[in-house]
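**Q** Quick one: the structure is below, questions incoming.
The values are calculated or read from the model by the stated rules, or taken from the named source; none is laboratory data. These numbers were taken from a predicted model, which means no experiment stands behind them. When we count neighbours, we look across all protein chains shown, and the Cβ atoms used for this are built from the backbone with ideal geometry, even at glycine.
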Amino acid sequence: MLELARKADSVELKLTVPATDHRTAISSLGLDPLEAQIRQVFFFDTPDLDLNAVGVVARARRIQGRAGDTVVKLRPVDPDGLPAELRLSPNVGVEVDAMPGGYVCSASLKAKADAPSVRAVSLGKLSARKIFSKEQRTFFDAHAPDGLTLKDLAVLGPIFVLKQNFVPSELGRRLAAELWFYPDGSRILELSTKCSAVDAFQVAAEARLYLTEKGVSLEGKQETKTKAALNFFSKQLRAASSNS
C-alpha cells in the first residue's frame with residue numbers, strides 16, 4: 001500500500017461503522033444531522049454492471065447549496081501506468097482508499113455539473129452524455145467495454161446522503177461522516193479522513209485511538225458505498241426487465 005501511496009496524490013482512510021453501532025457513533029462523535037449537507041448520488045451502468053466489471057465507475061451528484069459534480073473513475077490502477085498527460089490534468093486525482101482489511105488505488109476524473117441537468121438525466125429527459133465533460137468522455141471511451149457508450153447506460157439511483165465534516169479537538173484533523181440511505185431501508189455510515197502517504201500510518205494510528213476511545217467499533221464488516229448502491233439498483237433493473 002505504501003508503495004502505491006507514494007505514487008498517488010493522496011490517501012483516504014475509511015471505516016464503515018456497523019449498523020448496530022450507528023446511534024452510538026453519531027452520539028459519541030457529536031454529529032448533528034442539521035449541520036449535514038444533503039446530497040443525491042446517481043451511478044450509471046448497465047443492468048449487468050458491465051462497467052463495474054472492468055473497473056469503471058461513472059457517477060453524478062446533486063449537492064445542497066453548491067454546484068454538483070460528475071466523475072469517471074478507474075480502479076484499480078497503477079499510477080505509473082497512467083498516461084503522463086492524464087496525470088498532468090488539474091481534473092485528475094489519483095488516490096489510495098484504505099480501510100481495515102484492504103486498499104485500492106483509483107484515478108478519478110472530475111467535472112462540475114449543475115443540479116438541474118443532473119436531475120433531468122435522472123428523469124430521462126437528458127442524455128447522461130450531456131453532463132460529462134469532453135475530457136471525461138474521452139477517458140470513459142478509453143476504458144469502457146468496446147461498443148458501450150454513456151448513452152447506453154441506465155441510471156442507478158438516487159441514493160440520499162447526509163455528509164458532515166468535523167474536526168474533533170482530541171484528534172486535531174478533519175473527519176468526514178457520510179450516512180447513505182438505501183431505498184430498502186438499509187444504511188451505511190462511513191467515517192473518513194484524507195492525508196499524504198508520508199503521514200498515512202501515523203494518521204491511521206491516531207484515528208484508530210480516537211475512535212476506539214469514542215466507542216466506535218473498528219471490527220465491523222467493511223462495505224463500500226458504491227458497491228452496495230450498484231448491487232441494489234442493478235437487481236432492481238434486472239427485475240424490472242424480466243417483468244416487462
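**Q** Enumerate the pairs (first residue in region 119-136 and touching a residue at least 40 places away in the same chain (Cβ under 8 Å); second residue anywhere and of a type in the set (S, T, N, Q) and assigned to a loop (DSSP other than H, G, I, E, B)) with beta-carbon separation below 7 Å, excluding pairs fewer than 6 apart on the same chain, so at least 6 apart or on different chains.
**A** Glu135/Ser89; Glu135/Asn91
**Q** Could you check Leu171 against (1) assigned to a loop (DSSP other than H, G, I, E, B); (2) closer than 23 Å to Val41 by Cβ; (3) of a type in the set (A, V, I, L, M) and say which number it fails?
**A** So the condition that Leu171 fails would be (2).
**Q** Any chance region 179-188 includes a residue that's of a type in the set (D, E, K, R), in a strand (DSSP E or B), touching a residue at least 24 places away in the same chain (Cβ under 8 Å) and surrounded by 18 or more Cβ atoms within 10 Å (Cβ to Cβ)?
**A** no
**Q** Something else: Any residue in region 46-65 that is touching a Cys at 6+ places or on another chain (Cβ under 8 Å), over 22 Å from Glu190 (Cα atoms) and of a type in the set (Val, Ile, Thr)?
**A** No, region 46-65 has no match at all.
**Q** Among the residues in region 137-159, are any out of contact with any helix residue (DSSP H, G or I) (no Cβ under 6 Å at 6 or more places or on another chain), in a strand (DSSP E or B), under 22 Å from Phe232 (Cα atoms) and in contact (Cβ under 8 Å) with a residue 40 or more places away in the chain?
**A** Yes: one or more hits.
To keep it simple, each residue is scored yes or no on (1) at negative phi; (2) out of contact with any Phe, Trp or Tyr (no Cβ under 9 Å at 6 or more places or on another chain); (3) among the small types (Gly, Ala, Ser); (4) modelled with pLDDT of 95 or more.
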position	(1), (2), (3), (4)
Ala120	yes, yes, yes, yes
Glu135	yes, yes, no, yes
Phe140	yes, no, no, yes
Gly147	no, yes, yes, no
Lys151	yes, yes, no, no
Lys163	yes, yes, no, yes
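**Q** When you check Gly68 against the structure, is it in contact with a helix residue (DSSP H, G or I) (Cβ under 6 Å, 6 or more places away or on another chain), farther than 16 Å from Lys225 by Cα and at pLDDT below 95, yes or no?
**A** yes
**Q** State the number of residues belonging to region 68-99 that are surrounded by 14 or more Cβ atoms within 10 Å (Cβ to Cβ), among the charged types (D, E, K, R) and assigned to a helix (DSSP H, G or I).
**A** 1
**Q** Among the residues that make up region 152-175, is at least one of them surrounded by fewer than 18 Cβ atoms within 10 Å (Cβ to Cβ), more than 30 Å from Leu126 (Cβ to Cβ) and in contact with a Ser or Thr (Cβ under 8 Å, 6 or more places away or on another chain)?
**A** Checked against the condition, which is being surrounded by fewer than 18 Cβ atoms within 10 Å (Cβ to Cβ), more than 30 Å from Leu126 (Cβ to Cβ) and in contact with a Ser or Thr (Cβ under 8 Å, 6 or more places away or on another chain), region 152-175 yields at least one hit.
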